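Worksheet: one structure, shown below.
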Amino acid sequence: MEAELVALATAGATTLVQQMATEGWATVRRRMAAVLARRRGAEEEAEVERELDQARTDVISAREDGDEEVPQGVAVVWKARLRRLLAEDPAAAAELRRLLDEVAPQGTQSVVRDVHNTISGGVMTGPVVQAGVVFDHRGTPPGGLQSR
């Protein structure tokens with residue numbers, strides 16, 4: 001599967017789980033069910049809506065208990081479903097993109113970056129910090145770090 005479609009499935013599943021705890025859930029649920037049940041009829045769409053509602057119940061309950069593993073697991077399940085859909089029906093990509101653009105406009109989506117680390121020369125005994133954006137909590141502007 002193309003990397004772009006995998007990224008789209010990932011974004012779709014992540015956005016879906018994020019939206020489960022929002023006021024706009026009913027609309028997102030209905031629209032996502034329509035995407036997932038493309039060309040399969042109203043009965044299939046109603047079944048997908050029930051599955052989405054159960055997933056939402058699981059996510060909300062887990063978050064109330066402070067368990068972030070369940071929402072991550074739910075996202076993995078829906079990512080797999082979206083990947084299957086996009087592999088079987090590449091035309092569904094445009095519909096999913098439209099939904100994501102409406103639900104999570106580009107300005108609010110986070111940027112995903114690849115990070116590659118190479119450690120050589122023996123044993124690493126000190127701390128390692130890996131981050132895309134580093135903020136100095138002392139209020140020193142980025143790039144303007146002063147030696148002490």
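Descriptive notes on the structure:
- Gyration tensor (Cα) of segment 1-74, equivalent ellipsoid semi-axes in angstrom: 21, 17, 10
- Virtual paramagnetic centre 7 Å along Cα→Cβ of GLU102, amide N under 17 Å, in segment 53-89: none
Values in this text are rule-based calculations from the coordinates and carry no lab data. Since we're looking at a predicted model, the values are computed, not measured. All Cβ positions, even for glycine, are placed from backbone atoms using ideal geometry, and neighbour counts span all protein chains on display.
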